[in-house]
Amino acid sequence: MASPTRALWLRLRNMPVLRMLQLEEAIFRTDTRSWFITNTWDAPPTSAGPERDAAHAAAQSVVLGISGKPAEMLNTEEVLKAGVPVIKRFSGGGTIISDADTLFATFICAADDEPQAHVPQVPPYPDPILDWTSSVYDAALRGCGATNFAVRANDYCFATEEGDFKFGGNAQSISGKRWLHHTSLLWDYEPARMGLLRMPKRQPAYRAQRSHGSFVRGLSQTLPSRDAFCASLAAAAGATWELTPVELEEAQAALSLPHRQVTRLLRPEEVC
Amino acid sequence: MLRRLAARSAPLARASAVRAARPPHALRLAAAPLSRSFVSTAAAAAPSSAQPFMLADIGEGIAEVEVLQWFVKPGDTVDQFDRICEVQSDKATVEISSPYVGTIESLEYEVGSIAKVGTPLLHISVDGAGGDAGAEPEQPAPPVAAAAAAPLPVSEPAPAAGATAAAASPAGDRKVLSTPATRALAKRHKLDLGTVTPTGRGGRVTKQDVLLVLNGSAPVQPAGAAAAAPQPQPAAPSAAAEDRAVPIRGIRKAMFAQMTAANAVPHFNFCDEVRMDALMEVRQQLKQVALDKGLGKFTLMPLIVKATSLALAEFPELNASISEAGSELLVKGSHNIGVAMDTPHGLLVPNIKDVGSLTLLQVAQELSRLQADAAAGKLSIPDLKGGTFTLSNIGNLGGTYTGPVINLPEIAIAGLGKTRPVPRYDEAGALVRQSIMQVSWSADHRVVDGAMMARFSNAWIGYLEKPATMLLTL
C-alpha cells in the first residue's frame, strides 16, 4: 500500500496579516514540503464598544494583490485617516479588508520531487488548483451543515434564492510544480469597514454591480462556530494529506532563509 | 488507497458541478495536452540565431497575462530552469523559467503590460560560444521552481530529458566541464574556468560557481567552516580593480542579524590542543567498513560529533538555551549537534538530530546526507532548526585557534583547527611527531563559567585522544 501524502499543519492564532503573509511567502519559496496553514483571531466582543473596536483595530488591514493599485482599489483618504495598514501580497487577485472576523486558510503543495507530499491529481495550473480547493471547501461546509457552496468567477459563495453571496476570496501563486492557494474567509464583517474599498472596475457578472456590503455574507450566518469550521476544513484537507500539526517555530526558520520577498507594507505616500 | 482515491474523485466531480455556472472566458484556447508546459515548442533554428520564447498555455482559458517582473535583461545568460519572469493571470502569479540555455537578446513586454498567450515573451540566442551540441532541450520542460537565494539562481538544475550537454573547455592542461552559458559568462569576465571550484555533477563548473567567484564568495568545501564570517576567496584577477558595493543579502543578511544578536552575549573563550593520532588510527580502521556499508567517505567528523555527545551527557547544562526572561536554563534532552557548512548560499548550520541515540555509522550517514544537501542547496528547515550545540570545523580551510561566535539560542560552540603534524614531547620526554588539532571553545559567560568549560573540554578531549573509552558508553 503506498504511503499517504503528508502535509504540515500550522494553526496560527492572532497573527498579524503582514507577518502571516511574509511567513507564507517564505515557506512557499524556501520550503519543499506541503503545508496547510490557518490563521484565526479570537472572537471580538459581540457588543459594540471600545473593546470590540480595539479587537478589530489590532487585526485590521487592507491587502492588495501583487499588482493592485491603491488608488483604483481603495478610498485612499479614508484608509489613511482610519490608519489601516495597506499590505501588498505576493499572490495575484483582488483586494480584501480583514479584521478580527476574517479567517485565513492556505494550502501549499509540494512539487513532484517530494513524492510524499506532492498531490499529482492536482496539476500546477490555476483551474485544477481551484477545482481541488473548491472540493475541499465544499466538503468542509457540508461537514458543518451548509450545502449551498458555489464557486462564482473564482470566488467562494453561498448560492441562495436571493442571489450568490461571496464569503471568501482566494488567490494563487505557482512556481514550477509547487503551488500555493490562499483564502480569506469572512466569518463576519462590518459594512463600515467594507466602505474603505472602492467598487472595482472589473467585477464578475454575478456581482451585478452590488456594493460590497450587499454581495458578501459572513459564514457566521450559516455555520456554528469558527473552530468548528476550521476543524471541518482540516478534516476535508485530510482526505488528501495526512496532516501533522507543527508549531510556529517549525515555519519561522523559513523567514531567515534567503528568498525573494514581495509581501510588504506600503508607505503612506504609496497609498495616496 | 483505493478508498481514498474514491473519496477524492467524488468531491472533484461535485466541484465541477459547483463551478458549472462560471461564465466562459472570452477566448478559449484549443485543447492542449495536460502535459503542457509554459513554452511552446520552439521552431528549430540555427544554433547561433535568436529565437522567440513563446508565452503559451498558462492555464485553460487564459488568453493573456500581466507581466509583473523580469528576472533577466538583454545580454544576460541563462541556464535551463533559471527564472525568466513572473506573470499574473486572474488570481494566480506564475513564475516562468527558461527551458533553454542561452543569452537573452530582447524582452518583448514591459513590466505592467499585458502579454498575449501565443506571442513571444522574449528572444533568446540558444547557442552560446563554442557551438556545442545539445544546447537545446529535446522537448520543452515545465518550469522548475528556483530554490532559495534571490537574486542569484541556486543549485545546478536537475537534468531533464535532453538537458544541455556540458562540454569540456580546455583550461590550461585540465579540461573543465561546463555549459555554454557558463563558459560565455566566464569569458565575458575574463575568468579562467580552471580556477573555479566545480560543484556541479560530474565535476562541472556551474554558473553559480562562476558567480560566486565574481562576487568574492567562497565555493563549496567538503565539510565545516568557521562560525565567524567566512573568508571570501580572492576574486579572479581583472584588468582594472575597482571599488564596488556588494549588497548584503540572503544568508549573509541573516548572518548579519544573527551575529549582531550574538554580540550582545558575553563570550567566554577557552582553547586547548587535541592529540589526534589515536583517533586517526580508528578512522583508518573504520573507513573501509563504512565504505562497505554504502557510505561514500568516512572522515573524522562523525567521531568528533559522537564524542561531543558523550561529553554533553556528562555536562548536560552545556546543551541548553536561556529562557526569554533570563530566569531559566532550558536544558535540552536531545543532542542536536550542528555542523557549520560553507555552501553556495553562504554559511549554514544544519544539525544531526539526537546524536546520543545514534550509532557512529548513523551519525556518519546523516552527516553525509546533510553535506550533500548543503552542496545542492537542498537543506530543509527541519535540518536547520532545533540545534543545541555547534561544531565549526574551520580547520578544513586551515587555521589553528579561532574565536567562534555562539550560534544562538545555544550557549556554547567549538571551533576546530586544522590537524597538523607537529613536534611534541611525549610522557617519556622524547621528541615525537604528533598530529595536533586546536580547539577553541566559546560559551555564554552568563551561565557557563571557566571551570565547567574546562572540565567539559577535558572530557571531550579524553574521548578523542583515547577513542576506546567511547566503547564504555555502549
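Here, each number is a calculation from the coordinates, and none is a lab measurement. All of these numbers come straight from a predicted model, not from anything done at the bench. Every residue, glycine as well, gets a Cβ built from its backbone with ideal geometry; the counts of neighbours run over all protein chains shown.
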B:Cys271 long-range amide H proximity, modeled H, under 5 Å
B:Trp441
Return the distance in nm (one decimal) between the two label points of a simple spin-label model at B:Lys73 and B:Ala468, each offset 7 Å from Cα along Cα→Cβ.
6.8
Å³ per residue of the Cα convex hull, for the stretch B:267-472?
127
Note down the net charge around B:Ser98, summing +1 for each Lys or Arg and -1 for each Asp or Glu among other residues with Cβ under 9 Å from its Cβ.
-1
Check: the stretch B:267-472 dipole with +1 on Lys, Arg Cβ and -1 on Asp, Glu Cβ, in debye
600
Helix A:126-143: angle to the longest alpha-carbon principal axis of chain A, degrees 0 to 90, nearest 10?
80
Efficiency by 1/(1 + (r/R0)^6): what FRET value for A:Gln209 and A:Ala54, r their Cβ-Cβ distance, R0 = 35 Å, to the nearest 0.05?
0.50
If the chain between B:Ala451 and B:Glu281 were fully extended at 0.36 nm per residue, the gain over the current Cα-Cα distance would be 58.1 nm
Where Lys and Arg each count +1 and Asp and Glu each count -1, what net charge lies around B:Thr308 among other residues with Cβ under 15 Å from its Cβ?
-3
Highest GNM mean-square fluctuation, chain A, Cα pairs closer than 10 Å: which of A:Pro124, A:Pro204, A:Pro16?
A:Pro204
Within the stretch B:277-305, the residues whose backbone N lies under 13 Å from a label point placed 7 Å from the Cα of B:Leu361 along the Cα-to-Cβ direction are B:286-296
When A:Cys157, B:Cys271 are ordered from fewest to most other Cβ atoms inside 10 Å of their Cβ, what list results?
B:Cys271, A:Cys157
Surface/4 of the Cα convex hull for the stretch A:165-221, nm²
5.1
What FRET efficiency comes out for the pair B:Asn458/B:Met259, r = Cβ-Cβ distance, R0 = 22 Å, nearest 0.05?
0.15
Separation of the A:Ala239 and A:Ala71 label points, Cα + 7 Å toward Cβ, nm
4.7
A:Ala192/A:Arg11 FRET efficiency (R0 45 Å; Cβ-Cβ; nearest 0.05):
0.90
Subtract the Cα-Cα distance of B:Ser327 and B:Ala241 from 0.36 nm times their separation in residues, and report this length gain in nm to one decimal.
25.7 nm
Looking at this model, which pairs from B:Lys190/B:Lys418; A:Lys177/B:Lys297; A:Lys88/B:Lys332; B:Lys306/B:Lys385 are more than 28 angstrom apart at the alpha-carbon?
B:Lys190/B:Lys418; A:Lys177/B:Lys297; A:Lys88/B:Lys332
Backbone HN-Hα couplings from phi across the stretch A:224-235 [Karplus 6.51/-1.76/1.60, Hz, Gly and Pro as x]
x, 7, 4, 5, 5, 5, 4, 5, 5, 5, 5, 5
Report ³J(HN,Hα) in whole Hz for each residue of the stretch B:70-86, in order, from the Karplus equation J = 6.51 cos²θ - 1.76 cosθ + 1.60 where θ = phi - 60°; Gly and Pro get x.
9, 9, 9, 9, x, x, 6, 9, 10, 9, 4, 6, 5, 5, 9, 7, 10
At 0.36 nm per residue, and after removing the present C-alpha to C-alpha distance, how many nm does the segment from A:Gln261 to A:Lys201 gain when stretched out fully?
18.8 nm
